[in-house]
């Protein structure tokens, strides 16, 4: 028996040691493969800006993506793209930029920041070309800044104006015998309209119409300046459906010519004085990020915290704003004496009201120690506005979507659905009358409904108070511009919800002025993940999302995310924007 135990323990120990050695050898190999050699830009470089890539606030890293594919590069973060374009203006190796502007997956605010950087690049004397077979409106928003913009002779430019469509599920829920029990504060707080109405309410129609025209007019003004066509004429093109072919786009001045891909490339070759058989040195943004040091250097430190996605309780993931994670992150930055100011970059339509309150609290404490400046991206509304309203200064783009000061709660009553459709019934015991108050298997009592509505009204009052105190305006005024109503960044400045128009770089400059520092560098959060976290954490999440996108398509993935979001809303009081704005 002793001999057996000795052999068993020796074998077990050998197995453990072997496993550890194999694991560390594997990690060494992976680390070596995932760490690319120094990338070089090369001569006569042309930056390739593909707008079909979505540049998020936090870059997308795949540590295994380059294995077996040396041409694979991570998707850089939005601010990295902006900084690289500005850096390239002074980079003698870069001769110009080529924009692929067919599909643009970047939102209004992100597109605005990219376009501003491209305008500065072009003003520096270098060329900017834009091309696609078919140019979408969202692609044209950025592409029209180019010195030359072309489309395929058999393609065209989408020029039909903006539209917004909302799906209503009230009839579906009725057929399924599901009763949506809804509680909300604010007549414009229309996030729950799809569950309680069959069409848009007058209030929602008003706010959506005004917001659409704000965004559309901004688009027309920029196009007018770029193409030297007055806005009334551009609007008439859409109203009369005049742009129906590529030749119409050329005839009415939206593009500079009709060319095939090879013809555009030949023109760029001529510009670079390349021979017929020479290749253009196109450098994708991900490659350029590896080749140059475009980030600012300096003695002092300014923290930039990127917050994107739904605001949720707990830790969250890379694409959400977990209250616990961000509260700890802000606290860490606040207690770091080497960091002189904090810039919070928000791109969120909101979420949990309690999570928003907890992050607001930590930012308020930080503000007492050092300057806190907020920069709004595509959207910073409802909970996204809540947590930032007490900052020293708030920046937004003209077409940022913000406001939506309001609250709601949703709890479905699925008793009849379970019983009549599925044959399921429920029974149980409880120690007090309201112990099962948040159950979806039975209707709320009148007293429980009054309690939930009172809770929503109380949180709405707190929301208004936070805004009133932070923005130095009366609570009655906040209520008059609140009620769940969304505004453009330009209107938000007029309404005193935002201080200035501008992107993240302007917010950073303001933070530096408030901190009275000139020689500074940025410390960016969330901090880069180590190889283990990327492989077993972020990589797993990215792989899951890529699999869903492959099976469902881009629209199907959006639907899946919407359904998941609705599921997460149930029973949690929300400070969330009523809808997502997507226009093509």
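The values are calculated or read from the model by the stated rules, or taken from the named source; none is laboratory data. Here the structure is a predicted model, which means the values were calculated and not measured. Note that each Cβ is placed from the backbone with ideal geometry, even for glycine, and that neighbours are counted across all protein chains shown.
Before moving on, here are some points about what is shown:
This table checks each residue for (1) surrounded by 18 or more Cβ atoms within 10 Å (Cβ to Cβ); (2) over 28 Å from residue 365 (Cα atoms).
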site	(1), (2)
436	no, yes
439	no, yes
445	no, yes
455	no, no
458	no, no
471	yes, no
474	no, no
485	yes, yes
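- Single condition residue 315 does not satisfy, out of (1) buried (at least 24 other Cβ atoms within 10 Å of the Cβ); (2) in a loop (DSSP other than H, G, I, E, B): (1)
- In segment 371-386, residue surrounded by the most Cβ atoms within 10 Å (Cβ to Cβ) [restricted to those that are more than 14 Å from the chain's Cα centre (by Cα) and more than 20 Å from residue 352 (Cβ to Cβ)]: 373
- Residues that are within 21 Å of residue 520 (Cβ to Cβ) and outside any strand (DSSP E or B), drawn from segment 322-367: 329, 330, 332, 333, 334, 335, 336, 337, 338, 363, 366, 367
- Scanning segment 86-143 for residues that are in a strand (DSSP E or B) and farther than 28 Å from residue 241 by Cα yields a count of 7.
- If you go through segment 181-217 and keep only what is assigned to a loop (DSSP other than H, G, I, E, B) and either in the same structural domain as residue 141 (by TED's automatic domain parsing) or surrounded by 15 or more Cβ atoms within 10 Å (Cβ to Cβ) (or both), you end up with 186, 187, 188, 189, 197, 200.
- Scanning segment 403-433 for residues that are touching a helix residue (DSSP H, G or I) at 6+ places or on another chain (Cβ under 9 Å), surrounded by fewer than 17 Cβ atoms within 10 Å (Cβ to Cβ) and modelled with pLDDT under 90 turns up just one, 433.
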